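See structure below.
The values are calculated or read from the model by the stated rules, or taken from the named source; none is laboratory data. All values derive from a computational prediction rather than experimental measurement. Cβ sites come from the backbone with ideal geometry, for glycine too, and all protein chains shown count toward neighbours. What goes into the accessible areas is simple: the full protein's heavy atoms, side chains included, and nothing from ligands, DNA or RNA. Shrake-Rupley method; radii C 1.70, N 1.55, O 1.52, S 1.80 Å.
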Amino acid sequence: MSGILLYVVILVLKTIEVSMATLRIVLITKDERLKGAIIGFFEVILWVILVSTVLTNITEDPMKVVIYALGFAMGNYVGSMLENKLAIGTTNIEAIVLKEHGEQLSHLLRTVGLAVTAVEANGMRDKREILMLHVPRKKARETVKLIKSFQHNVVITISDIKPIYGGYNILRK
């Protein structure tokens with residue numbers, strides 16, 4: 001195989017390999033070690049095949065290195081997009097709302113199946129309430145949208161968290 005077809009194969013396989021690496025790292029950091037290890041197995045097989053292909057006659061065809069580097073860059077981009085779509089893991093959402101909205105919003109969030117812990121707080125000018133939620137990352141965007149629809153000037157922070165133990169509806173064993 002040579003020429004344009006070889007470049008396309010290198011580009012596609014390197015993009016897939018680096019995308020797999022991105023997912024592997026995310027899975028391992030989310031305590032999904034076995035899944036990460038399985039992906040890593042196939043990732044290394046691809047890597048060895050690619051490197052041996054790129055290094056063969058490299059001085060006669062240095063364009064393979066450029067294509068390999070382009071595949072690496074694309075793999076980072078595609079892998080991060082794919083990870084974002086999969087939304088693996090759990091997110092902590094904290095919303096600082098006006099005190100008078102806190103109870104109503106907590107009730108609304110609970111009616112859609114979310115666990116909410118409310119803590120009284122003092123803002124610069126008003127009484128506030130801090131609502132704390134642990135939600136699957138897949139539900140984070142819709143949860144934020146729901147909170148913002150209830151109070152437009154709410155302060156929201158989001159943090160990815162490691163798997164948690166206990167709590168309502170998200171117990172991990």
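Rounded to the nearest 0.05, the FRET efficiency derived from the C-beta distance between Leu55 and Asn76 at R0 = 30 Å is 0.90. Solvent exposure of the range 42-173 amounts to 66 Å² per residue of accessible area, where only protein heavy atoms count and the probe is 1.4 Å. Within the listed set His152, His107, His134, the residue fluctuating most in the Gaussian network model of the chain (springs between alpha-carbon atoms under 10 angstrom) is His152. With only the Cα atoms considered, the range 46-134 has a convex hull volume of 143 Å³ per residue. Full extension of the segment from Met132 to Lys85, taken as 0.36 nm per residue of separation minus the current Cα-Cα distance, would add 14.5 nm.
Taking the alpha-carbon centroid of each part, what is the distance from the range 52-111 to the range 1-38 in angstrom? When both Cα centres are located, 14 Å separates them. Cross-link partners of Lys30 among lysines, defined as those whose alpha carbon lies under 24 angstrom from its own and excluding same-chain residues fewer than eight positions apart: Lys85, Lys138, Lys139, Lys162, Lys173. Taking 20 Å as the cut-off, the amide N atoms of the range 16-35 that come nearer than this to a point 7 Å along the Cα-to-beta-carbon line of Ile158 belong to 23, 26-27, 29-31.
Loop-resident GluC sites (Glu not before Pro) (DSSP state other than H, G, I, E or B) in the range 1-109 with no more than 10 further Cβ atoms inside 10 Å of their Cβ: Glu60. Suppose every Lys and Arg Cβ carries +1 and every Asp and Glu Cβ carries -1, with no other charges. What dipole size does the range 1-65 come out with about its Cα centre, to the nearest 20 debye? In debye, rounded to 20, the range 1-65 gives about 200.
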